[in-house]
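First up is the structure itself, then whatever we jot down about it.
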Amino acid sequence: MQQLKERILRDGKCFEGGILKVDNFINHQMDPILMKSMAVEFVRRFASLDINKILTIEASGIAPAIMVGYLLELPVVFAKKKKPSTMENMLVTKVFSFTKNNTYDVCVCKDYLQPGDKVLFIDDFLANGNAAKGVMDLVRQSGAELAGMGFLIEKAFQHGGDYLRAQGIHVESLAVIESLEGCRITLKE
Ligand code: 5GP
């Protein structure tokens, strides 16, 4: 998506270890106009899917997910990173975070992810695919069906996308980063 690619080149910042910071428009300050355009693009790309629910993980997935849910008039569920003491009926999985170098629990209440649900997962970044694998596990545990996965930014050099596509999952990424080597942002055409 051209608009996003231009914004990444203009405002994205590269850090050691293959990290791209987009705090100026996605991860800290948010640009709702761009967020809406990205959601419109997701709706176009996933138009053929039969879905009844959007799923994401807190916190950075919530903004794009709610925009997609708004456009499609579908409920949006965000998986939580800490198990709330008051929440029963939980599905839980473990996710390794390479940006934080730790493993954390991701959970969702069974009331909001059920057999028969057809789920579109939306998140900000796809890197090694650990968060996505955790989501696949939650969806599998729930008996729901994963219809597709949409990411604002995919870092192709970390190969999470290769894994997901090899599983037969319909994956759409609005901007694909080929490399951040030498702290230079190289985007896929
Ligand atoms: P994965 O689980 O695919 O390895 O990483 C995906 C998650 O890690 C995303 O939900 C995102 O929050 C975070 N992440 C991975 N790479 C980056 C990055 O380069 N920049 C930012 N801001 N977050 C990232």
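Below, the figures for the structure above:
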{"quantity": "With Cα atoms, 0 to 90° folded angle of helix 130-142 axis to the chain main axis", "calculated": "20 degrees"}
{"quantity": "Cβ-derived FRET efficiency at R0 25 Å, T99 paired with I33, nearest 0.05", "calculated": "0.40"}
{"quantity": "For region 1-76: span of alpha carbons on each principal axis (Å, largest first)", "calculated": "39, 26, 21"}
{"quantity": "Rounded D (µm²/s) - the chain, Kirkwood Rh over Cα pairs, Stokes-Einstein at 4 °C, 1.567 mPa s", "calculated": "77 µm²/s"}
{"quantity": "Cα-based reach from K81 at 20 Å (exclusive), listing lysines while leaving out same-chain residues under 8 positions away", "calculated": "K53, K94, K100, K110, K133"}
{"quantity": "C-alpha long axis of helix 32-45 to longest principal axis of the chain, angle in °", "calculated": "70 degrees"}
{"quantity": "For L55, distant residues with modelled amide H under 5 Å away", "calculated": "V77, L120, F121, I122"}
{"quantity": "Charge dipole (region 23-142, unit charges on Cβ, about Cα centre) - positive-most of M30, T93, L72", "calculated": "T93"}
{"quantity": "Paramagnetic label zone (point 7 Å from Cα along Cα-to-C-beta, K13; backbone N under 16 Å) in region 162-187", "calculated": "183-185"}
{"quantity": "Chain lengthening between D23 and I169 when straightened (0.36 nm per residue, less Cα-Cα)", "calculated": "49.7 nm"}
{"quantity": "Whichever lysines have a C-alpha closer than 25 Å to that of K5, once near sequence neighbours (fewer than 8 apart) are set aside", "calculated": "K13, K21, K36, K155, K188"}
{"quantity": "Low-density loop cleavage sites - trypsin sites (Lys or Arg not before Pro) in region 95-151, where at most 11 other Cβ are within 10 Å (DSSP)", "calculated": "K100"}
{"quantity": "Sequence of L174, L34 once ranked by neighbouring C-beta atoms within 10 Å, starting from the fewest", "calculated": "L34, L174"}
{"quantity": "Per-selection Kirkwood Rh - region 52-129 (Cα, Å, 1 d.p.)", "calculated": "13.3 Å"}
{"quantity": "Unit charges on C-beta of K, R, D, E only; dipole of the chain, Debye", "calculated": "240 debye"}
{"quantity": "Calculated FRET efficiency for the pair K83/A47, C-beta based, R₀ 35 Å, to 0.05", "calculated": "0.45"}
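Only the coordinates and a few stated rules stand behind these numbers; no lab work does. Keep in mind that this is a model prediction, so the values were computed, not measured. Cβ atoms come from the backbone with ideal geometry, glycine included; neighbour counts cover every protein chain shown.
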